[in-house]
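To start, the structure under review is shown below, and the notes come after it.
What follows is calculated from the coordinates using simple rules that are stated; it is not laboratory data. Keep in mind that this is a model prediction, so the values were computed, not measured. Backbone-built Cβ (ideal geometry, glycine too); neighbour counts: all protein chains shown.
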Amino acid sequence: MEGLSRRMKEEGQWIVLMGFLVSIGIFFLALILNQSTIVGQTTAEGVLEFPKNDIQDVRTQVLDLTLNYSVWADPDSAPSPDPRGLGDHMRMAEDIENLSQHRKSALVNYTIEDWETTYRHVLIHYYNGVFEYNEEATVLY
Amino acid sequence: MVNTSGQLYTMEGIAAGLIMILTAYLVLGATSVYTPGDTHITDMQLEQVGSDILKIMDTPGDLTHPSELEQIVAANDGTRFEQLFWTTYLMSGEIAAQKTTRAGSSIIANATVYYHYTDRTDPANPVAMVKGYQLRAPIIPFTGSQPGVRVTRFVKYNGWGSGIRPSGIPPDMENRPQVVLVEVFLWKA
């Protein structure tokens, strides 16, 4: 290295240093890329941890019962002429509550708020200790 | 050349700083290791597929007939359940990645029907009870070592009316219109 001038030695140092900085930059980018897979995984887990299927199931069944069976408590109306009786609906509501509690560890109940000739109004409550879901639904005849 | 060497020292300082930050990041990140064993991707997929199949089975073809799942529960027909759940839906090319047979698949299912009744042995103190009976047994018994998922569906059951109690229906199940819970336990053997 005797023949190299002082200036050329300094340029060599610059090149080495810049190469080093660029390599650290690439390493950082690799770390970010690595994180992206985990982000997708945890998001998917979070989505499925939400009891979507349970809520949809309860909701479908409650709306079906509300539409097709007599209402057990409506202060404004006379008892339903529907032959599919009042008591049946009450016991079926108890079925849903008890089965949810015993098998799904979820508190479920629903109240039919309003009963008219053209529509019924129902409040659905679902709570499994982590997620709470309340819905006010209107069922049209 | 005071200027040039000063620039060089600055760049060296920056490089050293980056190395220190990187080291600190790696050291802190090493405490939480996220392994593939922590994820339940396959379980989640199984859960979604199972729920979807039960939903399909509980959807009536038209408004005048009960759904297939309601008919299966009413007849306590485990064979038909197996045929629909497996052959028609789970093993179809539309749902599984590849059309396959039950023997070729390692997914095992156990179907149970849970019902609610009131225990009136003490008439003054009725107790709400939930019990279940098996709708379809798994082809291989569950050993407990495999991770499994549970999918459920509420199904309407009208009872057996004035007829005789169907075979397989437990004696404490009440004969009335009711809602039962069909629970399918799925796992990979």
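Quick rundown of the values:
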item	result
In region A:1-57, GluC sites (Glu not before Pro) in a DSSP loop with at most 11 other beta-carbon atoms within 10 Å	A:Glu2
Dipole magnitude of the protein assembly as shown, debye to nearest 20 (Cβ charges: Lys/Arg +1, Asp/Glu -1, about Cα centre)	1160
Computed over region A:1-49, Cα set: Rg, Dmax in Å	21.6, 70
Under 17 Å from the Cα of B:Lys131 - lysines, other chains or at least 8 residues apart	A:Lys104, B:Lys156
Kirkwood-based shape ratio for region B:99-188, expressed as Rg/Rh from alpha carbons	1.08
Cα-based convex hull, chain B, per residue volume (Å³, whole number)	265
Cα-centre dipole for chain B with unit charges at Cβ (Lys and Arg positive, Asp and Glu negative), debye to 20	340
Cleavage-rule hits, trypsin sites (Lys or Arg not before Pro), region B:98-184, DSSP coil, Cβ neighbours within 10 Å at most 16	B:Lys99, B:Arg102, B:Arg120
Given 13 as the ceiling on other Cβ atoms within 10 Å, longest exposed-site-free region of chain B for GluC sites (Glu not before Pro) in DSSP loops	B:1-93
Scattering profile of chain A at q = 0.14, 0.17, 0.21 Å⁻¹ [log10 I(q)/I(0), Debye over alpha-carbon scatterers]	-0.78, -0.96, -1.21
Alpha carbon convex hull of the protein assembly as shown, volume per residue in cubic angstrom	263
Footprinting exposure proxy for B:Met91, A:Met8 (fewest neighbouring C-beta atoms within 10 Å first)	A:Met8, B:Met91
Unit charges at the beta carbon, dipole of chain A: most positive-side option, A:Leu33, A:Thr118, A:Ile55	A:Leu33
Tilt relative to chain B, helix B:41-57 - C-alpha long axis, 0 to 90 degrees, to 10	30
Nearby aspartates and glutamates by direct alpha-carbon distance to B:Lys55 (threshold 16 angstrom, same-chain neighbours under 8 apart not counted)	A:Asp54, A:Asp57, A:Asp64, B:Glu47, B:Glu68, B:Glu70, B:Glu82, B:Glu94, B:Glu183
